[in-house]
1. Going through region 32-58 one residue at a time, which ones are among the small types (G, A, S) and over 26 Å from L94 (Cβ atoms)?
2. Out of region 116-145, which residues are over 15 Å from Y87 (Cβ atoms) and hydrophobic (A, V, I, L, M, F, W, C)?
3. Any idea which of (1) closer than 17 Å to E56 by Cβ; (2) open to solvent by 10 Å² or more (accessible area, probe 1.4 Å) is the one T145 doesn't satisfy?
4. Among the listed residues L165, L154, identify the single one that is within 16 Å of T111 (Cα to Cα) and either among the small types (G, A, S) or part of a helix (DSSP H, G or I) (or both).
5. Going through region 22-46 one residue at a time, which ones are modelled with pLDDT of 90 or more and either among the basic types (K, R) or more than 23 Å from G74 (Cβ to Cβ) (or both)?
6. If you take the residues in region 86-101 that are among the acidic types (D, E) and more than 14 Å from the chain's Cα centre (by Cα), which one is surrounded by the most Cβ atoms within 10 Å (Cβ to Cβ)?
7. Restricting the search to region 38-85, which residues are basic (K, R), open to solvent by 50 Å² or more (accessible area, probe 1.4 Å), farther than 20 Å from F118 by Cα and touching a residue at least 24 places away in the same chain (Cβ under 8 Å)?
8. Mind listing whichever residues of region 148-158 are open to solvent by less than 90 Å² (accessible area, probe 1.4 Å) and free of Cβ contacts under 8 Å to residues at least 24 places away in the same chain?
Amino acid sequence: GWACWKTYVGRPEADDARPWAMTVLGNGLYAASHFEDALSVREALLSTMRRIGADEDILLDAQSNVASAYADLGQLEKALSMERDIYSDSVQLLGEDHLDTSISANNLARTLCELSRFEETKTLLRKTIPVARRTLGEIKDTTLTMRKTFAEALYRDPGATLADLREAVTTLE
């Protein structure tokens, strides 16, 4: 991470190598669980990408990385706000059948569930799981994670009924 950054730090902002070096650095810090440092790098990268006029899909990826860092730092409300925007923008820009849209729906659902917003989680996933199954397939990691989160929202809800618990089990089979 740092070696890559040191190699490309002197290049102009618009040089393709500089944002990639920032990405490598941010991802390396994130992988090493240095979430605060990763957040700083990811926020700087997002700011840079906005300044240089990066494509919308690239900005969505950068925003998603910032939201992930917020979530891992326990700043779930900040992550949630960003993830709502990312999901909405993904649907508009990429369409609901796109892999990145399913990933953004999954990220949003996971944060909603972590915040115990079970009804919102279930509503979102009832809409998006069938799309993921159709477009990505049953065994794609994203589809499986969405199903797991849906089951979790069902059984963690304090108002869960026996039917909800059975649905959670069926979802995971």
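The values are calculated or read from the model by the stated rules, or taken from the named source; none is laboratory data. The structure presented is a predicted model; accordingly, all values stated were derived computationally and were not measured. Note that we place each Cβ from the backbone using ideal geometry, even for glycine, and neighbour counts take in every protein chain shown. Ligands, DNA and RNA are excluded from the accessible area calculation, which covers all protein heavy atoms including side chains. Shrake-Rupley method; radii C 1.70, N 1.55, O 1.52, S 1.80 Å.
1. If the condition is that a residue be among the small types (G, A, S) and over 26 Å from L94 (Cβ atoms), then A32, S33, S40 are the ones that fit.
2. Those that are over 15 Å from Y87 (Cβ atoms) and hydrophobic (A, V, I, L, M, F, W, C): F118, L136, I139, L144.
3. Exception for T145: condition (1).
4. From the options L165, L154, the qualifying one is L154.
5. R42
6. Filtering first and then ranking leaves E96.
7. Across region 38-85, the qualifying residue is only R51.
8. A151
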